[in-house]
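Structure first, then comments.
The values are calculated or read from the model by the stated rules, or taken from the named source; none is laboratory data. Note that the structure is predicted; figures quoted are calculated from it, not measured. Note that each Cβ is placed from the backbone with ideal geometry, even for glycine, and that neighbours are counted across all protein chains shown. Only protein heavy atoms, including side chains, enter the accessible area calculation; ligands, DNA and RNA are left aside. Shrake-Rupley method; radii C 1.70, N 1.55, O 1.52, S 1.80 Å.
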Amino acid sequence: MTESSPQQKPTVLDGTRHFDVRTMSFLEDAVAFLGVLRNYAEAACRNHRRYGDVIRTRLPLPSLLINHPRHVHHVLRANVLNYPKSRRYDYLRPLLGNGLFLSDGDFWARQRRLVAPEFRQKSVQRFLPVIVGNVQALFAEWERSGPHAVRDLSDDMMRFTLWVVGDAMFRSDFRAEAEEIGHTLEVCLQQATLQMMLPGILRPWMPTPGNLRAREAEQRLNAVVRKVIAHGRASGGGQIDVLSRLTVAKDEQTGAQMDDQQLLDEVKSLILAGHETTSLVLSWTFYLLSQHPEVEARLVDEVRSVLGDRLPTSEDVPRLVYTQQVLFETMRLYPPVPGVPRMALKDDVFDGITVHAGEEIALNIYATHRHPEFWERPDSFDPDRFSEARAEAIQPYSFLPFLLGRRACLGEHLAMLEGVLALAMMVGRYRFDREDRAPIATRPISTLRLARPLRARVRRR
Ligand code: HEM
């Protein structure tokens with residue numbers, strides 16, 4: 001599944017192939033753009049199935065839309081230096097500044113090297129007690145609210161993953177701030193996504209109600225995060241962790257320490273990247289389980305046989321095989337980051353496709369994950385696709401929820417550890433009776449949210 005896995009058999013990446021580029025007519029473009037405004041992830045999937053693997057559009061900007069693993073590989077790996085993050089990300093700058101998520105070049109590489117040791121597979125094992133402890137804290141809330149109360153599970157997951165980020169990375173108890181952080185981030189992301197889709201029409205400086213709300217939310221978020229940094233600094237005690245690495249680090253070239261603004265940007269980036277995506281995977285998983293009782297039953301069986309009634313340890317994690325498969329399959333259907341934009345620095349030609357310097361390239365991860373050439377019955381939920389026997393057949397670059405290549409997710413190991421532990425503990429002990437069984441649509445706002453809250457009664461098994 002990862003890039004390092006050996007691939008002896010021929011794969012989709014081998015050889016040469018020719019692809020036709022489908023350029024949309026003005027009318028097709030206008031219709032497609034309306035769809036993009038409504039829901040860009042679903043529109044990408046629809047356009048892929050209607051127009052093919054490589055599509056050129058003019059609205060809102062001249063862009064090349066790619067969906068095929070060969071082309072995703074070309075942009076993220078084979079010719080990665082020609083395809084940095086696009087200028088569209090600038091709309092996230094008021095929120096994330098020049099933190100890890102948005103910085104580039106040598107500066108980005110230095111900042112990433114600085115915190116990377118905290119996120120290696122071995123290092124993240126030490127977060128296990130923090131994760132388990134926070135699941136138990138959520139259990140205590142569920143017990144207090146009782147079996148008849150209807151809870152918003154998506155909100156519970158968002159708070160839980162924020163608590164973990166606070167404890168694990170910043171020595172901060174985010175319980176008091178979780179709601180404020182979650183709410184302000186949502187307001188900012190929603191507005192930034194709108195600005196991103198309406199470039200030249202909705203500019204960040206315009207005093208529209210949405211922009212003003214986002215600006216106010218940014219300021220509140222900054223105030224909360226400054227408090228988190230101050231608290232973390234005060235309680236350091238010589239411990240090496242993410243926050244201390246950021247606060248004591250000296251620039252390799254200048255020897256200077258990070259200034260307060262850069263520190264704020266890095267911490268905000270890690271808070272945002274570190275909780276929202278993981279929480280969405282858990283929420284979508286509960287949603288899918290509510291529609292697939294047979295998968296839920298198998299999951300509960302596995303958890304019972306591996307854990308019984310005890311708390312998980314790090315030895316249990318690799319044994320929770322089906323739990324991991326369920327999470328992978330959820331991320332295939334609902335990748336928390338459904339698309340990523342890149343920009344061509346120079347002209348390029350691959351597979352018969354000509355890319356012009358300055359052109360936007362949209363990688364539609366959501367559509368790639370449902371590509372009918374690579375996934376049988378692409379829209380159905382089937383965690384066994386990721387079983388040992390079948391996973392071998394998964395083609396490289398057809399599954400990349402954490403992205404691949406140099407800008408791949410920093411927190412993949414933490415996210416998987418947290419996801420496996422949380423899901424196993426939660427379904428092992430509780431069942432979730434949804435208030436209604438109606439389907440829930442997607443709502444992409446940079447991340448792939450649920451269009452409405454996932455409400456359920458939480459009852460002991
Ligand atoms: C299931 C959970 C997660 C998923 C699906 C996910 C996915 C991704 C994706 C797709 C990107 C690339 C975004 C882009 O290029 O636009 C990314 C970047 C990033 N992720 Fe995650 N992520 C998850 C959890 C986490 C966690 C727990 C952390 C912890 C800190 C984290 C930290 C980051 C950072 C710092 C980046 C920027 C990396 C860089 O550009 O160098 N992520 N993630």
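Looking at region 150-221, the chymotrypsin sites (Phe, Trp or Tyr not before Pro) that sit in a DSSP loop and have at most 10 other Cβ atoms within 10 Å of their own Cβ are Trp205.
What is the sum of charges, Lys and Arg at +1 and Asp and Glu at -1, for the other residues whose Cβ falls under 11 Å from the Cβ of Glu218?
Taking every other residue near Glu218 into account, the sum is +4.
Placing +1 on the Cβ of every Lys and Arg and -1 on the Cβ of every Asp and Glu, with nothing else charged, gives the chain a dipole about its Cα centre of roughly 380 debye.
Working value for region 1-158: equivalent-ellipsoid semi-axes of 37, 26, 20 Å, each the square root of 5 times a Cα gyration tensor eigenvalue, largest first. Residues with beta-carbon under 11 Å from that of Met157, excluding Met157: net charge, scoring Lys, Arg +1 and Asp, Glu -1? It works out to a net charge of -3. Using just the C-alpha positions of region 305-461 as equal point scatterers, what log10 of I(q)/I(0) does the Debye formula give at each q in 0.09, 0.12, 0.14, 0.15 1/Å? These q points yield log10 I(q)/I(0) values of -0.39, -0.68, -0.89, -1.00. Label separation (Thr313 vs Arg93): 5.1 nm, computed from points 7 Å beyond Cα along the C-beta direction. The label point for His183 and the one for Arg46, both projected 7 Å from the Cα toward the Cβ, are 3.4 nm apart. With contacts taken as Cα pairs under 8 Å and at least 6 residues apart, the chain reaches a relative contact order of 26 percent.
Take the Cβ atoms of Glu412 and Ser25, set R0 to 30 Å, and the FRET efficiency comes out at 0.15.
With n ≥ 4 as the cut-off for DSSP H runs, can you work out [θ] at 222 nm for the chain, using -39500 (n - 2.57) per run divided by the number of residues, rounded to the nearest 500?
Estimated from H runs of four or more residues: -15500 deg cm²/dmol.
In this view, the solvent-accessible surface of Phe119, computed with a 1.4 Å probe and all protein chains in place, comes to about 10 Å². For a label point 7 angstrom out from the Cα of Ser123 toward its Cβ, which stretches of region 80-117 have the backbone nitrogen within less than 17 Å? What the label zone holds, given the 17 Å backbone N cut-off, is 100-101, 108-117. When the pairs Lys9/Lys346; Lys268/Lys346; Lys85/Lys268; Lys9/Lys85 are compared against a 29 Å limit on Cα-Cα distance, Lys9/Lys346; Lys268/Lys346; Lys9/Lys85 fall above it. Near Arg459, once Lys and Arg are set to +1 and Asp and Glu to -1 for all other residues with Cβ below 15 Å from its Cβ, the sum equals +3.
Given the Cα-Cα distance of Asp241 and His356 and 0.36 nm per residue of separation, how much length would full extension add, in nm?
37.1 nm
Extension gain, Arg233 to Glu252, is 4.7 nm, computed as 0.36 nm per intervening residue step minus the present C-alpha separation.
Distance between the modelled labels on Arg377 and Arg455, one decimal in nanometres: 3.2 nm (7 Å Cα→Cβ projection).
In this entry, region 359-432 is assigned a mean projected area of 7.3 nm², taken as a quarter of its C-alpha convex hull surface. Report the calculated FRET efficiency for Gln261 and Glu216 (r = Cβ-Cβ distance, R0 = 22 Å), to the nearest 0.05. About 0.70, to the nearest 0.05. Taking a quarter of the surface of the Cα convex hull of the chain gives a mean projected area of 22.5 nm². When the P(r) is computed for region 194-260, the part past 18 Å accounts for 59% of the Cα-Cα pairs.
When the chain is described by a simple charge dipole with +1 on each Lys and Arg Cβ and -1 on each Asp and Glu Cβ, the residue from Gln219, Leu327, Gly411 located farthest towards its positive end is Gln219.
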